[in-house]
1. Between the range 258-296 and the range 199-234, how far is it from one alpha carbon centroid to the other, in angstrom?
2. First measure r as the distance between the Cβ atoms of Thr29 and Thr5, then evaluate 1/(1 + (r/R0)^6) with R0 = 25 Å and state the FRET efficiency to the nearest 0.05.
3. By DSSP, what percent of the beta bridges with both residues in the chain are antiparallel, rounded to the nearest 5?
4. Helix hunt in the chain: which complete DSSP H runs extend at least 27 Å axially by C-alpha with mean Kyte-Doolittle at least -1.0?
5. Using θ = phi - 60° and the Karplus form 6.51 cos²θ - 1.76 cosθ + 1.60, what ³J(HN,Hα) does each residue of the range 257-264 get, whole Hz, x for Gly and Pro?
6. Want the number for Ala304 to Leu82: 0.36 nm per residue separation, take away the alpha-carbon distance, what's left?
7. Of the candidates Phe43, Phe276, Phe246, which one comes out as most mobile in a Gaussian network treatment of the chain with C-alpha springs shorter than 10 Å?
8. Based on the Kirkwood radius over alpha-carbon pairs, what value in µm²/s does the Stokes-Einstein equation return for the translational diffusion coefficient of the range 6-68 at 4 °C and 1.567 mPa s?
Amino acid sequence: MAEYTTSQLLALVNGSQVSAGDERVRTVTARIVTDLFHTIEEFKVTPNEFWSAMKWLNRLGEANMVGLITAGLGFDRLLDILAEEADQAEAPEKGTPRAIEGPLYVAGAPLAMREVRLDEGNEGKGEVLVMEGRVLGLDGKPVPHASVDVWHCNELGRYSHFDPDQPGYNLRRRIETDAEGNYRFRSFLPPGYAIPPGSPVSELFDLLGRHGNRPAHIHFLVSGGGKRALTTQVNIPGDTFLDDDFAFATRDGLVVALTKVESSTEFASLGVTGPFTHVRFDFVLQDALREDEMIAASRYDTAAL
Ligand code: MBD
Ligand code: FE
């Protein structure tokens with residue numbers, strides 16, 4: 001039995017120990033708990049407010065939306081900025097900029113050699129896009145048989161796997177480049193993304209007075225040749241949210257140039273007959289500093305547990 005002041009309670013929470021535990025986990029947890037104690041005290045957070053927040057956290061997890069709020073509160077971009085700062089000394093030479101993975105990647109998409117119709121089953125859903133280019137090293141040499149994993153949202157801004165109305169791996173493919181590092185695919189110009197209305201994430205965004213829009217983008221996970229695997233996104237120019245992305249994920253150098261083509265026989269193998277939009281984009285991979293950097297894996301696959 002004991003009576004505690006708030007600071008005595010905090011010391012007990014952070015100091016109780018029956019075994020060594022993990023030093024790093026202890027230290028970081030102690031800091032977070034301390035900051036929260038202080039926030040609750042300083043702002044006189046009421047029990048109702050506190051339990052509303054806890055209820056919200058549970059709903060967030062139930063909705064599998066933790067990865068959406070981390071993006072919206074800037075954590076995903078923060079980790080990228082910190083990774084690049086840490087990189088600065090060891091690998092000052094830069095390839096294609098990285099961009100956040102986001103919460104909507106799914107591993108194991110169907111594999112195609114050199115080219116693919118990413119829009120299979122989505123014909124007529126938007127402006128026809130042909131995107132092509134090469135995977136290169138920093139030395140400008142192609143990376144033969146590189147892997148280009150590509151995914152984007154459907155015409156309603158939703159991603160397969162997370163949207164029950166789409167077939168598995170809709171708008172998700174993996175392309176193996178040819179011996180010269182070439183890839184190409186046909187799809188359609190996707191719209192932007194908006195956080196689902198009526199979700200725990202949109203509730204918080206409403207209370208913060210923020211919008212939940214992302215500009216139109218296409219995701220990539222590129223790897224091969226013993227280079228550092230690259231997670232990135234390209235943006236489609238002209239979008240109103242290009243410099244106002246709720247996930248703070250857009251970057252210079254990742255806005256592609258669109259070329260309108262009236263007719264061409266060059267992409268007959270992709271079923272392109274009428275007018276289409278052409279995009280050329282080369283992915284430049286940096287040298288890997290460590291072996292684990294070569295592995296193309298989603299952030300959740302890489303995470304422990
Ligand atoms: C997306 O489509 C996305 O790319 C990110 C980073 C966050 C939410 C939705
Ligand atoms: Fe996305």
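The numbers here are math on the coordinates, done by the rules we state, and not lab data. Remember, it's a predicted structure, so these values are computed and weren't measured experimentally. A quick note on method: Cβ atoms are made from the backbone with ideal geometry, for glycine too, and the neighbour counts reach across all protein chains shown.
1. Value for the Cα centre distance between the two parts: 20 Å.
2. Step by step, r from the Cβ atoms, then E = 0.75.
3. Details: 30 of 45 bridges.
Of the beta bridges lying entirely in the chain, close to 65 percent run antiparallel.
4. 23-42
5. 9, 9, 10, 7, 10, 6, 7, 6
6. Full-extension gain reported as 77.9 nm.
7. Answer for the Gaussian network model of the chain: Phe43.
8. On the way: Rh = 13.7 Å.
Diffusion coefficient, whole number: 94 µm²/s.
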